[in-house]
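Worksheet: one structure, shown below.
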Amino acid sequence: MTVGQVVRFVAAGGTAAVVNFGSRIVLSHVMPYAAAIVVAYCIGMTTAFVLNRIFVFPGARNALHSQAAWFIVINLAAVLQTLAISLILVEWLFPMLGFTWHAETVAHGVGVLMPVFTSYIGHKRYSFKTGPS
């Protein structure tokens, strides 16, 4: 792990998060909140895969199908984390605190940020392995 790699991972993740976040806002006009979160997450995940493969882990030695499979598995765990956090905030914690200012947007933003650290470790170890298989 190098500082440059972590910075590129955060930049790729930040770009994917913006795509995810923006997609959710647009999608919320045509589908329920929870469904919009999941679909937006898939759009963001595709963006993240491409950016990570090209800019963060270009030396990955495992096959493309292995990279994609691990990327999906790790992100399925992350989308569950994102969804759970977003829904807990918007349906339970924010109402309890009386927080109403863009509650869905704020909750989703927090939900998207939570899996950053666990995802980096998973992708470095499994999705984009650079060492022997």
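The values are calculated or read from the model by the stated rules, or taken from the named source; none is laboratory data. This is a predicted model, so every value here is computed, not measured. Positions of Cβ are generated from backbone atoms using ideal geometry, with glycine treated the same way; all protein chains shown enter the neighbour counts.
Results for (1) within 17 Å of T118 (Cα to Cα); (2) of a type in the set (G, A, S); (3) exposed (fewer than 14 other Cβ atoms within 10 Å of the Cβ), shown as yes or no for each residue.
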| site | (1), (2), (3) |
| --- | --- |
| H65 | no, no, yes |
| W70 | yes, no, no |
| I74 | yes, no, no |
| A78 | yes, yes, no |
| L83 | yes, no, no |
| L89 | no, no, no |
| P95 | no, no, yes |
| G98 | no, yes, yes |
| H102 | no, no, yes |
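Here are the criteria: (1) of a type in the set (A, V, I, L, M, F, W, C); (2) modelled with pLDDT of 95 or more; (3) closer than 18 Å to V50 by Cβ. Tell me which single one V79 does not satisfy.
Answer for V79: the failing condition is (2).
Taking I74 and the conditions (1) within 19 Å of A12 (Cα to Cα); (2) among the β-branched types (V, I, T); (3) not in a helix (DSSP H, G or I), which numbered condition does it fall short on, given that it satisfies the others?
(3)
Where the second residue is in a helix (DSSP H, G or I) and surrounded by fewer than 19 Cβ atoms within 10 Å (Cβ to Cβ) and the first is free of Cβ contacts under 8 Å to residues at least 12 places away in the same chain and lies in the stretch 23-51, which pairs have Cβ atoms under 8 Å and are six or more apart or on separate chains?
M31/V39; A35/L27
What tally of residues in the stretch 42-72 results from selecting those that are farther than 24 Å from L27 by Cβ and among the aliphatic types (A, V, I, L, M)?
Here the count works out to 6.
Could you please find all residues in the stretch 1-33 being surrounded by 14 or more Cβ atoms within 10 Å (Cβ to Cβ) and of a type in the set (S, T, N, Q)?
Once the filter is applied, which keeps residues that are surrounded by 14 or more Cβ atoms within 10 Å (Cβ to Cβ) and of a type in the set (S, T, N, Q), the stretch 1-33 yields Q5, T15, N20, S23, S28.
Any chance you could count how many residues in the stretch 102-128 are at pLDDT below 90 and more than 30 Å from V26 (Cα to Cα)?
1
Here are some residues: G44, G4. Which one is at pLDDT below 95, more than 15 Å from the chain's Cα centre (by Cα) and assigned to a helix (DSSP H, G or I)?
Among G44, G4, only G4 is at pLDDT below 95, more than 15 Å from the chain's Cα centre (by Cα) and assigned to a helix (DSSP H, G or I).
Here are some residues: T118, T105, T130. Which one is out of contact with any Asp or Glu (no Cβ under 9 Å at 6 or more places or on another chain) and part of a loop (DSSP other than H, G, I, E, B)?
T130
Just checking, which of G131, G109, G59 is out of contact with any Cys (no Cβ under 7 Å at 6 or more places or on another chain), under 18 Å from V7 (Cα atoms) and surrounded by fewer than 19 Cβ atoms within 10 Å (Cβ to Cβ)?
Result of the check over G131, G109, G59: G59.
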